[in-house]
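Each remark here refers to the structure printed beneath this line.
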Amino acid sequence: MQISRIEIRNFRKLPHKLIEGLGPGLNVIVGDNEAGKSTVLAALRAALFERHRLTGEHARAMQPYGQALRPEVEVDFALRGEAYRLKKGFVQKPEALLIGRGRQWPNDEADEELARLLGFTPPGRGETKPEEHHGIFGLLWVEQGAAHRYPKIPGMQGHVSSALEQEIGEVTGGERGRLLLAAAEARYLQHWTGKSGRARGAGVELATQRDKLAAECERLRQELRELDDKVDALATVAARLERYRADGTLDEARERLTAAEAAARALDGLEAARRSAQVERDATRLAVDGLEKERLSRARLAEARARAEAKLQAAEAAAIDARAEENRHETLVAGAGAVLARDLALEQQAVALAAAHEARERREALTDELARLEKQVETIDRAEAARQAAEVAIAEARIEPVQLEKLEKLAEALAMARHRLAAASVRLTLMPEAGATLRLDGTTEPAGEVMLSRDAVLEIAGYGRIAVHPGGGVGTLRDQVAVAERRFADALGVLGVADLEGARRRLEQRQQAEADRGQQRKLLETLAPEGVASLRERLGRLRAELAALPAADGEQNGTLAESRRARDSATAARGSAERAVSLARERLGQARTAAALAAQVARQAHDELERLRAESAALDLGRSDAKLEAERTTAVATLAAAEAQLAAAELALQQADPEATRLDLARKRGAVQIVEADIRKLEAERLQLEGGLNALGQRGLGEHLGQREGELARVERQLATELHEAQAARLLFETLASAQKESKERWLAPVKAAVTPYLRMLAPDGSVVLDQDTLELSEVVRNGVSEPFANLSMGAREQVAVITRLALADLLREAGQPSTVLLDDALVNTDAERLDRMHLVLHKAAQKQQIIILTCRERDFLGLGAPIFRL
C-alpha cells in the first residue's frame, strides 16, 4: 500500500489540511507541538477503519472542539497496482465513497470493500481499536508515546501467520494442523486441568466413587468380622454355661456350703456346752472351797487332838501305823502299774485300727480319682484321633477359596463366551414337510432348531444346496469359546474335580474339616489345659501311690472318725494311768515320812487335847463332823463331775477344730458366690450377644457386601478405561504440542531472518525472540546474553520495536500484503548516535516500502535525506 495524498477538513484541531505528493520510500511530516501531526494519524485511521455511520462519543470526538461541523477525510492510495480514492464524512450527513478499479462503492459498500482490501475486521458496533480491529495496520502504524511498547497482536496474528506460511509453507499443518491441535487440546482438557495437569472430569468422579465403595466394602467386611467374633464369643459363653450345668458345679458348691454351715452350727453348740460346763465348775468349786475351809478348821482341831492322843501311844503305834501305810501305798503303786500296762495295750490296738481305716479311705479316694482321669484320657484320645482325621481331610481337599473364586470366574467367562457365540450364530428352524428329507453337511437333520457357528451346507431334496456363512466375527467367537473351555478344563484338572459343583463341595468339605479340627482343639484345651503329658504323668503318680498302700487286712468295723476317736481316748487313758502311778509313788514316800514324825506329834497332842475337845464341842453345836463331811464329799464329787464335763467339752471343741471350720465355711460361701456371679455374668453376656447377632443378621451384611464388591469391580473397570482414555488424550496433545513447538521454531525463522539485518546496524551480534503463540516480542539477545524486552531501556525498546515492525512489514509485503509504515514520534528517546544508525535502518526499509514519519523534531530528520512536508 502507498498513500499519495491526504486531505482533512474539520477534524479535531485541523480545519483544513492538504498533504500531497507523498511518494514511495521515506516521507517526513513535520509539525510543532500541538500542530496536529497526531491528528493526521487519527484522521487516516478514521477514514480507513471507522464506519462512516459511527455515532456517539467516538464520532463527536472527531469534530472541532465546540463546533458542530462535519469532519471529512479524503485519501488517495495505491494497493496491488490499483489506485483508489476514499472520501468519508462523519456525524452530520455521514457518507462514504470509494473509487477504484473503474467503479465506485458508496457508504456501507465502501466500508465493506475497505475491510476486504486492507484485511481487517471491524467491530460489530462502536469505535475500532487498532490492536484488535486494524489488522496489520495496528502493528505498523505507531502512535506517539507507544513506540516502546510492542503491541499485543491477536487481531493481526492471522495476517502475520499467513505471511509466514507463504514464506516457509504450512509446516504446522496450516488450518488443519491448528484444528487438530485444538481438538486434541479439547480432548485433553476433558481429562486434565490446563496448567497443573491434574486429573478432572469423569476420572476424578469415578476415583471418588471407587474410594467410597472401597471404604464401604471395608466397613462391611469389618462388620462381618465383628459378627464372626460375636458368634465365637457366644459359643464360648454357651460352652462355659453348659460345663457349669453338666458338672453340677453350683449344686455341688451349695451342698458343700450346707455341710460347712451344719459343721459351724455344731461348733456353736460345742462352744455353748463348754461355756455352760465352765460356769457349773466354777460355781461348784466355790462351794467346795467354803466346805473345805470349814472342814480344815475341824480337821485342824481333830488333828491336834489326834496328835495329842497319838503322842500318848507314839512309840508303840508309830511303827505299826507307818508300816501299814507303807504297805497300802505299795499295793496302790502295783495296781496303778497294772492299769498302765492294760492302757498301753489298748492304745496300740487303737492306733493300728486308725491306720488301717486311713489306708482304706485313701485307697478309695485314689481309686475314684484314677477312674475319673482314665475316662478323661480316653476322651482326649478320641478328640486327638478326630483332630488328626480332620487334618487328613484338609490335606486331601487341596482347594482354597481363591482357587474356587478363580474357577467361578473362568466358568462365568466360558458362559459369556458361549452366549456371545450363540448370539452371533445363525439360528435355523427346520420345518420339512412329511416325507421330505434335509441334510446338513451330509447328515440328515430332523425337524427343529439348529444353531450354526461355522460355514455349513444345507441340502434340500428337490431344491438343491444352500451354503450358510455366519458373519459377525463368529470364527473369533468360536475360538474364544474353545480357549475358555480349555482354561476351564485345565483349572478343573488342577483341582482334580469334574465340574464346578464338585469344587464347591470339596471346598465345603475342607471348611467343615477345618471347623471340626478347631472344635477338637478347643476340646483338648478344655480337657487338658496343662497338656496331655502332664495329665498322664499325674495318672502315673496316682497309680504308684495306690500300689504303695498296704493291702487291706480283713474287714474293719466302724468308721475312720470313730477309730481316730478311740485312738485318742486310749492315748488319754494311758496318760492318766501314768499320772496315777507317779502319784501313788509320791504318796508312798509321804507315808514313810509321817511314820517317823508320829511319835513327836503324840507328845505335843496331849497338851492340846482338852482345848481342842472344847473347840470341837463348840463346833459340833452347829453341825456334826459327819454331816459336814457328807456335804463336802458330795460337793467334791460334784466338782469332779463338773471338771470332767468341762474337760470333755473342751476336748470335743478342740477336736472340732474351730478355726478350720470357720475358714472352711467362709471359703465355701465365697465359692458359691463366685460361681453364682459368674453364671449371672455369662447369662447376661449371652443375652447381649444374641441380641447383637440378631440385629446384625437382619441387615444381610454378606449380600450387601457382595453387591458393593460387584459395584466396586464395575467402577474400577470404568476407571481403568477412563484412565486409558485420559493417558491417550494426554499423549496425543503433548505429542502434537511438541511437534507444533518444533514447527514454530522453524516457523519464526523468517521473522528472525528479516529482523537480523536491521538489528545488526545497531548491535552487530543482536537478535530477537518472539513468542511462538502470540508473536509478541519477548526477549532481545545481545553479546550472547538474553534480556527480557520489558527490562530494556525506553530508547532500546523504541529501537527494537520499530526494527521488528519494519521486518514484519517486509514479510507482509513479500506475502502480498503491502502496507505503509507510519511512525508518530517513534524515536524520541533515542540518543544522537543511535538515531543516526536508525536513519540507516529506515533508509534500508524504505527501499521496499513506504514509510511516513510524523515528528515535531524536524532537526533530527533533516539529515535523513527524505522529502519533508510541513503542517
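If a/c stays under 1.5 just call it rounded; otherwise compare a/b with b/c (prolate if a/b is bigger, oblate if not). Do that for the range 234-280, with a ≥ b ≥ c from the square roots of the Cα gyration tensor eigenvalues. Prolate.
Per residue, the chain exposes an accessible area of 57 Å² to a 1.4 Å probe, with every protein chain left in place.
Accessible-area rank, largest first, for 91, 142: 91, 142, with all protein chains present and a 1.4 angstrom probe.
Between residue 402 and residue 454, 0.36 nm times their residue separation minus their Cα-Cα distance comes to what?
15.1 nm
The 3J(HN,Hα) values that the Karplus relation (6.51, -1.76, 1.60; θ = phi - 60°) gives for the range 422-438 are, in residue order, 5, 5, 8, 6, 8, 9, 10, 10, 8, 9, x, 6, 4, x, 7, 10, 9 Hz. Gly and Pro appear as x. Once backbone amide H atoms are built at 1.01 Å from N, residue 438 has 445 as its partners under 5 Å, excluding neighbours fewer than 5 places away on the same chain.
Net charge within 12 Å of residue 233 by Cβ-Cβ distance, Lys/Arg positive one each and Asp/Glu negative one each, not counting residue 233 itself? List each step's numbers first, then the result.
Working: positive: 230, 240, 686; negative: 226, 228, 229, 232, 685, 690.
Computed value for this residue: -3.
A simple spin-label model places pseudo-atoms 7 Å from Cα toward Cβ; at residue 242 and residue 265 they are separated by 3.9 nm.
Take the Cα atoms of the chain, build their convex hull, and give its volume per residue in Å³.
On the way: hull volume 497.0 nm³, N = 871.
It is 571 Å³ per residue.
The helix-based estimate of mean residue ellipticity at 222 nm for the chain, built from -39,500 (n - 2.57) per DSSP H run of four or more residues and divided by its residue count, is -24000 deg cm²/dmol to the nearest 500. Applied to the range 385-394, the Karplus parametrisation 6.51 cos²θ - 1.76 cosθ + 1.60 on θ = phi - 60° returns per-residue 3J(HN,Hα) values of 5, 5, 5, 5, 4, 5, 4, 4, 5, 5 Hz, with x for Gly and Pro. Summing charges over all other residues whose Cβ lies under 12 Å from the Cβ of residue 674, with Lys and Arg as +1 and Asp and Glu as -1, gives +3. Checking the table 13/88; 88/129; 93/848; 37/129; 17/752 against a 29 Å threshold on Cα-Cα, which pairs fail? Table pairs above 29 Å Cα-Cα are 93/848; 17/752. Counting only Cβ charges, +1 for Lys and Arg and -1 for Asp and Glu, the dipole size of the chain around its Cα centre is about 2580 debye.
Taking amide H as placed 1.01 Å from N in the peptide plane, the amide H of residue 135 sits under 5 Å from that of 121, each at least 5 places away or on another chain. Taking the DSSP beta bridges with both ends in the range 346-495, the antiparallel portion is around 100 percent. Phi-derived couplings, Karplus 6.51 cos²θ - 1.76 cosθ + 1.60 at θ = phi - 60°, listed residue by residue for the range 518-532: x, 5, 5, 4, 4, 4, 5, 5, 6, 6, 9, x, 9, x, 5 Hz, with x used for Gly and Pro. Helix 701-747 and the longest principal axis of the Cα set of the chain meet at an angle near 30°.
The amide H of residue 192, built 1.01 Å from its N in the peptide plane, has 200 as neighbours under 5 Å, considering only residues 5 or more places off or on other chains.
Simple rule: put +1 on each Lys or Arg Cβ and -1 on each Asp or Glu Cβ in the chain, find the dipole, and look at 673, 691, 850; the Cα lying farthest toward the positive end is 850.
Remark: relative contact order (the chain) = 27 percent; criterion is Cα-Cα distance under 8 angstrom and separation of 6 or more residues. The long axis of helix 625-656 is offset from the longest Cα principal axis of the chain by roughly 30 degrees.
Think of the range 487-587 as a dipole: +1 on every Lys or Arg Cβ, -1 on every Asp or Glu Cβ, centred on the Cα centre; then among 559, 527, 493, 559 lies furthest on the positive end.
The values are calculated or read from the model by the stated rules, or taken from the named source; none is laboratory data. What you are looking at is a predicted structure, and each value in this text was computed from that prediction instead of being measured. Counting neighbours? That spans all protein chains shown, and the Cβs are built from the backbone with ideal geometry, glycine included. For accessibility, only protein heavy atoms count, side chains too; no ligands or nucleic acids. Shrake-Rupley method; radii C 1.70, N 1.55, O 1.52, S 1.80 Å.
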